[in-house]
Amino acid sequence: MPTLAEVMEGAAALKTGLDLVKSAIGLAKDVQGALPASKDTEAAGKALADAEQAVAIAEAQMGQVLGFELCRKHFPPKVMLEVGHYYERSSGKRFEVFGCPSCGQVHQPVTKWERTVPAVGSDEPTGEL
């Protein structure tokens with residue numbers, strides 16, 4: 001059975017591969033944009049859009065396998081990142097609050113929590129919601 005370190009190393013390698021594919025798609029889109037319009041360039045544009053969506057789906061699946069929450073306001077869903085935390089009153093245990101880096105949607109099971117990263121589109125570095 002693989003160790004946690006091996007799993008994390010594999011996930012990092014997969015993420016690097018997905019980033020390379022995204023870069024290649026971006027480069028191909030730039031080249032496609034410089035070409036004169038034709039049925040071939042339209043087909044290439046559709047294929048590139050499909051490839052972008054496939055990479056985004058793969059990123060979401062990888063995030064889900066690694067235990068990240070997903071923002072369901074998008075398709076493909078975005079991996080939600082930690083944006084703050086709160087403490088349970090009875091036990092004092094710390095829990096994370098997750099937010100979408102694209103739309104700012106926050107998954108919070110309580111109303112009072114401490115923001116540790118800026119909200120999407122905000123200049124405010126921290127603060128309560």
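What residues have an amide H closer than 5 Å to that of residue 105, excluding those fewer than 5 places away on the same chain, when H is modeled at 1.01 Å from N in the peptide plane?
For residue 105, whose amide H was placed from the backbone, the distant partners under 5 Å are 100.
For the residue pair residue 15 and residue 28, what label-to-label distance in nm results when each label sits 7 Å from Cα along the Cα-to-beta-carbon direction?
Here the answer is 2.4 nm between the modelled labels.
State the label only: which of (i) 67; (ii) 61; (iii) 44 corresponds to percent of Cα pairs over 20 Å apart computed from the shown model?
(ii)
With the dipole of the chain worked out from charges on the C-beta (+1 for Lys and Arg, -1 for Asp and Glu) around the Cα centre, which of 64, 91, 11 lies farthest toward the positive end?
Checked the options; the winner is 91.
In degrees between 0 and 90, to the nearest 10, how far off the longest principal axis of the chain does helix 39-65 point, with axes built from Cα atoms?
That works out to roughly 20 degrees.
Just need the relative contact order of the chain here, percent rounded to a whole number, with Cα pairs under 8 Å and 6+ apart.
It comes to 13 percent, rounded to a whole number.
If I fit a long axis through the Cα atoms of helix 4-34 and take the longest principal axis of the Cα atoms of the chain, what angle between them do I get, 0 to 90°, rounded to 10?
40 degrees
Between 27, 18, 35, which gets the highest mean-square fluctuation from a Gaussian network model of the chain, Cα cutoff 10 Å?
Top of the fluctuation ranking is 35.
If you place +1 on the Cβ of every Lys and Arg, -1 on the Cβ of every Asp and Glu, and leave all else neutral, what size is the dipole of segment 4-67 about its Cα centre, to the nearest 20 Debye?
About 140 debye.
Residue-wise, which Karplus ³J(HN,Hα) couplings in Hz belong to segment 78-87, taking 6.51 cos²θ - 1.76 cosθ + 1.60, θ = phi - 60°, and x for glycine or proline?
Along segment 78-87, the couplings run 9, 6, 7, 10, 5, 10, x, 7, 8, 10 Hz.
No value in this document is a laboratory result; all are computed from the given coordinates. None of the values given here were measured: they were computed from a predicted structure. Cβ coordinates were reconstructed from backbone atoms using ideal geometry, including for glycine residues, and neighbour counts include every protein chain displayed.
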